[in-house]
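The next block holds one structure in the form of structure tokens; read it before the comments.
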Amino acid sequence: MIRMRNLVVILVLLLPPAVWAQQDGNATAETPSMANATVEAPEKTDAAEAGLVTPVTVEHEGEDGRGSVLALALEERLADSPLFHLSRDDEPKLIIRISSREEFSGRPGLASVYAVVWIYRESSDVLGHYLGMRPGVTGGEAEATAESLAVRSHDLAKEFGYLFPEL
């Protein structure tokens, strides 16, 4: 079981960036650098008044330190954004699932591989809708990666805004 999981992680990491970009809807062969990207938005009250605030939940699976730091950084970034509000309620929301593992078991703490899946769920008793995914590797750049994932989350919330009753 563990060997199969390791094989899957290795195969995902060996995919060329062009395949990842096509899965995300980008047709370019280059993966754009999102380190300097920011989610630009109006003031929190303006976004709330306009009904543009997306309820979101971040879920993390994994026991590696780098993956946990990434999940926490993303949750903090979304909490600080006027475009999202963290929700544990049973309401229509965007769920961001992060699954992470140590990249090298012999060198713990060096880096982690992760896969992020975005799901829309109407309520806890309704099957969720798959919206997108992104695999990656994170080392010490958790803040930049979290910013990139927040930008992608906002893009998906705009693209699938018709699913959200308030948007």
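Since every read-out is calculated from the coordinates, none of them should be taken as a lab result. From a predicted model like this one, the values you see are computed outputs, not experimental measurements. Positions of Cβ are backbone-derived with ideal geometry, glycine not excepted, and every protein chain shown enters the neighbour counts.
Odds and ends about this structure:
- Trypsin sites (Lys or Arg not before Pro) lying in DSSP loop within segment 69-112, provided at most 11 other Cβ fall within 10 Å: 88
- Restricting segment 65-137 to chymotrypsin sites (Phe, Trp or Tyr not before Pro) that sit in a DSSP loop and have at most 12 other Cβ atoms within 10 Å of their own Cβ leaves 104.
- Pair residue 88, residue 123: separation of 7 Å Cα→Cβ label points (nm): 2.1 nm
- Each peptide among 70-76, 132-138 gets the average number of other Cβ atoms lying within 10 Å of its residues, and from highest to lowest they stand as 70-76, 132-138.
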